[in-house]
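Worksheet: the structure to be examined is printed underneath.
The values are calculated or read from the model by the stated rules, or taken from the named source; none is laboratory data. Bear in mind the structure is a predicted one, so any value in this text is a computation, not a measurement. Here the Cβ positions follow ideal geometry from the backbone for every residue, glycine too, while neighbour counts run over all protein chains shown. Side chains are part of the model used for accessible areas, which takes the heavy atoms of the whole protein and leaves out ligands, DNA and RNA. Shrake-Rupley method; radii C 1.70, N 1.55, O 1.52, S 1.80 Å.
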Amino acid sequence: MKVQKTKLENVFLIQPQVFEDKRGYFFESFNKEKFKSLTNLDCNFVQDNQSCSQKDVLRGLHFQKPPYAQAKLVSVVKGAVLDVAVDIRKKSATYGQFIIEELNENNHSMLYLPEGIAHGFLTLKDETIFSYKCSDYYEKNAEDCILWNDPLIGIDWSVKRPILSKKDLEAKNFSSFVSPF
């Protein structure tokens, strides 16, 4: 497993060691001890989620507020996404900044997102299966969302007409957002 730092503190791009032959492939998608030794972070995942989306579905920018905040380990099982992480930690040197990584079924890359990161993704292929491990359980009353195309953040999603949920269309602007982190 290779772990790469990103410009956002404690956000890591992870590339597992993949073993391939004529039968297919195998890789270890998570190992708590290896992860801790490579990142100095001790994360306990308690819930796994999976979604399937058509091309051009955009989900995000989502997070859960404390005390139900979640760290996440996200990956693509099938298909491809542009994955976006926005730093919403008030005391962070990169507050309001973001990273974009392509995660897909061929590169097997994963992103580790600590608490205090708003997360979203755009599917690049039909029938994309997206998977994420969470460090806390989902709590409806703690969910929140920042507008996916807020000009203050300035994310170039490279899509003209994304398919969005009502919640994502009605998300708050970053300029009026008060971070709980």
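On full extension of the chain, what length is gained from K55 through Q15, given 0.36 nm per residue of separation minus the C-alpha to C-alpha distance? Display every interim value, and only then the final one.
Details: separation 40, 0.36 × 40 = 14.40 nm, distance 2.41 nm.
This chain segment gains 12.0 nm when fully extended.
Quick one: which residues, 5+ away or cross-chain, put their amide H under 5 Å from the amide H of A69? H built at 1.01 Å from N.
Hits under the 5 Å cutoff: none.
Using Cα pairs closer than 8 Å and at least 6 residues apart in sequence, work out the relative contact order for the chain, in percent. List each step's numbers first, then the result.
On the way: 413 pairs, mean separation 52.4, N = 181.
It comes to 29 percent, rounded to a whole number.
Less than 15 Å Cβ to Cβ from K125, Lys/Arg counted +1 and Asp/Glu -1: what total charge do the surrounding residues give? Walk me through the numbers before you get to the answer.
Numbers: positive: K55, R59, K78; negative: D56, D83, E102, E105, D126, E127.
Neighbourhood net charge equals -3.
Apply the Karplus parameterisation 6.51 cos²θ - 1.76 cosθ + 1.60, with θ equal to phi minus 60°, to every residue of the stretch 151-161 and state each ³J(HN,Hα) to the nearest whole Hz, in sequence, with x for glycine and proline.
Calculated HN-Hα couplings, in order: x, 5, 7, x, 7, 8, 7, 6, 9, 7, 10 Hz.
Which whole-number value in Å² is the accessible area per residue of the stretch 1-130, probe 1.4 Å?
That works out to 51 Å² for each residue.
Computing the accessible area with a 1.4 Å probe over protein heavy atoms, can you report the carbon and sulfur percentage for the stretch 57-163? Don't skip to the answer; put the middle values down first.
Values: 2240 of 4630 Å².
Taking all protein chains in place, the stretch 57-163 shows 48 percent carbon and sulfur surface.
Separation of the stretch 87-113 and the stretch 124-158 by C-alpha centroid, Å?
11
Which residues' amide hydrogens lie under 5 Å from the amide hydrogen of V77, considering only partners 5 or more residues apart or on another chain, with H built in the peptide plane?
Under 5 Å from the amide H of V77: I129, F130, S131.
Pop the C-beta distance of K36 and A93 into the FRET formula with R0 = 30 Å and round what comes out to the nearest 0.05. Don't jump to the answer; show the numbers that get you there.
Numbers: r = 24 Å, r/R0 = 0.80.
About 0.80, to the nearest 0.05.
What ³J(HN,Hα) values, in whole Hz, does the Karplus curve 6.51 cos²θ - 1.76 cosθ + 1.60 give for the stretch 7-17 when θ = phi - 60°, with x put for Gly and Pro?
6, 8, 4, 6, 9, 10, 8, 10, 10, x, 7
Which value, in debye to the nearest 20, describes the size of the charge dipole of the chain about its Cα centre when Lys and Arg Cβ atoms bear +1, Asp and Glu Cβ atoms bear -1, and nothing else is charged?
On the way: 24 positive and 24 negative charges, 28 e Å.
Result for the chain is approximately 140 debye, rounded to the nearest 20.
So for the stretch 10-164, what percent of the C-alpha to C-alpha distances run longer than 28 Å?
Working: 2120 of 11935 pairs.
The calculated P(r) of the stretch 10-164 puts 18 percent of pairs beyond 28 Å.
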